[in-house]
Amino acid sequence: MEATAEETVERSAPAPRRIGLVEDHESVAIGLAAMLAGEPDLDLVTTAGSVSELLSAASELDLVVLDLRLADGSTPEQNVRELRERGIEVLVFTGADNPYLVRSAARAGVLGVVRKSENLRTVVQAVRAAASGQQVVTTDWAAAIDGDPQLSNVGLSPRQQEVLTLYASGEKASRVARMTGLSEQTVNDYLGRIRQKYADAGRPAPTKTDLYKRAVEDGWLPVPERNQRA
């Protein structure tokens with residue numbers, strides 16, 4: 001018996017991303033669940049008040065949305081590292097009222113930071129991007145790590161700084177070559193060396209988005225401005 005068109009589409013559709021939420025305020029948990037309820041590609045499978053409680057309930061997750069202040073006394077750094085050791089990526093969902101906590105989570109390797117006060121569309125987009133393994137670069141993330149004294153200096157040369165700034169700001173390697181008077185191969189060689197320097201400093205940057213984050217961290221690019229609301 002041949003499958004109907006609807007059945008074929010259903011079978012070919014990818015499984016929804018499995019999301020976990022660590023949050024000890026019931027109202028926030030209910031709110032995020034309502035935001036994601038209408039998104040067929042995002043499935044909030046479990047909510048818990050601590051990371052240990054969450055992992056005991058569901059370990060096969062694509063992403064954990066994490067509050068920074070939890071009643072169990074755990075630190076953001078501890079929580080992020082525990083989740084990442086299980087192969088689970090993390091998106092911070094916070095009031096962003098404590099830059100130190102945001103900074104410690106960013107240092108531990110979260111994919112991004114999104115405020116609880118953001119509108120529905122912004123929150124859903126951030127969750128979707130992070131659940132797919134993409135970096136979520138926001139003003140709060142950038143401001144938290146801006147000037148962080150624990151960021152290791154990678155010692156880029158002036159020419160490497162120029163290439164990084166142009167490339168990380170969105171230019172293609174071929175365009176960077178034309179703007180700097182270098183060959184495209186030389187630009188790619190520079191980018192390879194830049195990535196290696198960041199990796200050696202314990203600040204890996206395998207993707208272009210990672211390079212953008214590193215450029216903001218080190219002051220080569222400005223901290224992005226928050227969109228003005230009407």
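The values are calculated or read from the model by the stated rules, or taken from the named source; none is laboratory data. Every value quoted in this text rests on a predicted model; they were computed, and no experiment measured them. Cβ coordinates were reconstructed from backbone atoms using ideal geometry, including for glycine residues, and neighbour counts include every protein chain displayed.
Any residue in segment 207-230 that is in a helix (DSSP H, G or I) and among the small types (Gly, Ala, Ser) sitting within a Cβ distance under 7 Å of a residue that is modelled with pLDDT of 85 or more and surrounded by 11 or more Cβ atoms within 10 Å (Cβ to Cβ)? List the pairs, counting only those 6 or more apart or interchain.
Hits for this filter: Ala215/Leu164; Ala215/Thr165; Ala215/Ala168.
Could you figure out which of (1) out of contact with any Ser or Thr (no Cβ under 7 Å at 6 or more places or on another chain); (2) modelled with pLDDT under 90 isn't true of Gln135?
Tallying (1) out of contact with any Ser or Thr (no Cβ under 7 Å at 6 or more places or on another chain); (2) modelled with pLDDT under 90, Gln135 fails exactly one: (1).
Going by the structure shown, is Glu89 modelled with pLDDT of 90 or more, within 21 Å of Arg203 (Cα to Cα) and of a type outside the set (A, V, I, L, M)?
Considered against the rule, which asks whether it is modelled with pLDDT of 90 or more, within 21 Å of Arg203 (Cα to Cα) and of a type outside the set (A, V, I, L, M), Glu89 comes out as yes.
Could you check how many residues of segment 34-81 are closer than 21 Å to Arg121 by Cα and in a loop (DSSP other than H, G, I, E, B)?
Going through segment 34-81 one residue at a time, the tally reaches 6.
Hey, can you tell me all the residues within segment 51-89 that are over 20 Å from the mean Cα position of the chain (by Cα), among the polar types (S, T, N, Q) and under 16 Å from Leu101 (Cα atoms)?
Ser74
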